[in-house]
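Student: This is the structure I have questions about; it appears just below.
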Amino acid sequence: MASKMFPFITCTWNPLGGECKHGCRYCWARALAEKYDMKKYQGEPRLYQRELEREFKPGDFVFVCDMLDLFGEWVGRIEILAILDVIRNTPEANFLLLTKNPRRYLEFLDIMPENAVLGCTVESDVYAPDVSAAPHPCDRFNAMAMVADIVENRLFFSVEPVLWFSEGFIDLLTRRKPWAVAIGYDNYGNHLLEPSLARTMQLIERLEKAGITVYRKTLREAWNV
């Protein structure tokens, strides 16, 4: 089934199970797993051999591990290598990796498959420990800057759900020269600290003016405005 998260995605692929430990307050995946008591997304990380043997069609754009963070600190190197090996051996498809811990990309850059897009979720440039236990946004941007020095035209940022951001946010995003950026508001009524719609539209317009493709997700007025 195609993912609704990004329009270029044709299918999702979840060869890794276990619980995501970032503890994001807005996490739809955790809420879904808890609602349906999905054992696959409980406990420690583990690979599913049947998923590792899955075949993809030429031209597929596959979202890898949309239910958890493949590059979380709690995920073992062996599990990550197994998934990257499948990606490398499936050159007819492209794969989106998305993490809130891009520092771990640096461990694998020398063997990163060329058909992998390296994505990072950055809801804002302002630290919000009450929203998520993921690494500080500055740490994420610094790691992506180091990735950008080696990997060209394969970086992606997801600004979703967008939170209140400072004036420096646009510079942090454009300086990494991403292939694309997706921006959208929370869909699940979590009452996060959101920027006004006008402010978000200014961000989008400035990114597009800088020549960056922007995928517009849920755009609405902030609940707190």
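The values are calculated or read from the model by the stated rules, or taken from the named source; none is laboratory data. Everything numeric in this text was worked out from a predicted model, so none of it was measured. All Cβ positions, glycine included, derive from the backbone under ideal geometry; neighbour counts span all protein chains shown.
Student: Looking at R50, is it farther than 23 Å from M144 by Cβ, of a type outside the set (F, W, Y) and either modelled with pLDDT of 95 or more or surrounded by fewer than 19 Cβ atoms within 10 Å (Cβ to Cβ) (or both)?
Tutor: For R50, the condition - farther than 23 Å from M144 by Cβ, of a type outside the set (F, W, Y) and either modelled with pLDDT of 95 or more or surrounded by fewer than 19 Cβ atoms within 10 Å (Cβ to Cβ) (or both) - is met.
Student: Now, a different point. Of the conditions (1) out of contact with any strand residue (DSSP E or B) (no Cβ under 9 Å at 6 or more places or on another chain); (2) surrounded by 19 or more Cβ atoms within 10 Å (Cβ to Cβ), S166 satisfies every one except a single condition; which number is it?
Tutor: (2)
Student: Would you point out the residue of the stretch 169-194, among those that are acidic (D, E) and either surrounded by 21 or more Cβ atoms within 10 Å (Cβ to Cβ) or touching a residue at least 24 places away in the same chain (Cβ under 8 Å) (or both), that is nearest to L96 (Cα to Cα)? So that I can check it myself, show each step before the final result.
Tutor: Of the residues in the stretch 169-194, the ones acidic (D, E) are 171, 186, 194.
Next cut, either surrounded by 21 or more Cβ atoms within 10 Å (Cβ to Cβ) or touching a residue at least 24 places away in the same chain (Cβ under 8 Å) (or both) only: 186, 194.
Working: D186: 21, E194: 26 Å.
It comes out as D186.
Student: Of the numbered conditions (1) touching a Cys at 6+ places or on another chain (Cβ under 9 Å); (2) within 24 Å of F8 (Cα to Cα); (3) part of a loop (DSSP other than H, G, I, E, B), F157 satisfies every one except a single condition; which is it?
Tutor: Condition not satisfied by F157: (3).
Student: Which residue, of I150, I212, I183, is among the hydrophobic types (A, V, I, L, M, F, W, C), closer than 17 Å to G119 by Cβ and modelled with pLDDT under 95?
Tutor: Working: I212 fails: modelled with pLDDT under 95; I183 fails: modelled with pLDDT under 95.
Being among the hydrophobic types (A, V, I, L, M, F, W, C), closer than 17 Å to G119 by Cβ and modelled with pLDDT under 95 holds for just one of I150, I212, I183, which is I150.
Student: Considering each residue of the stretch 202-225, count those that are touching a residue at least 24 places away in the same chain (Cβ under 8 Å) and part of a helix (DSSP H, G or I), and give that number. Write out each step before concluding.
Tutor: Narrowing the stretch 202-225 to residues touching a residue at least 24 places away in the same chain (Cβ under 8 Å): 203, 206-207, 210, 212-225.
Then keep just the ones that are part of a helix (DSSP H, G or I); that gives 203, 206-207.
Counting residues in the stretch 202-225 that are touching a residue at least 24 places away in the same chain (Cβ under 8 Å) and part of a helix (DSSP H, G or I) gives 3.
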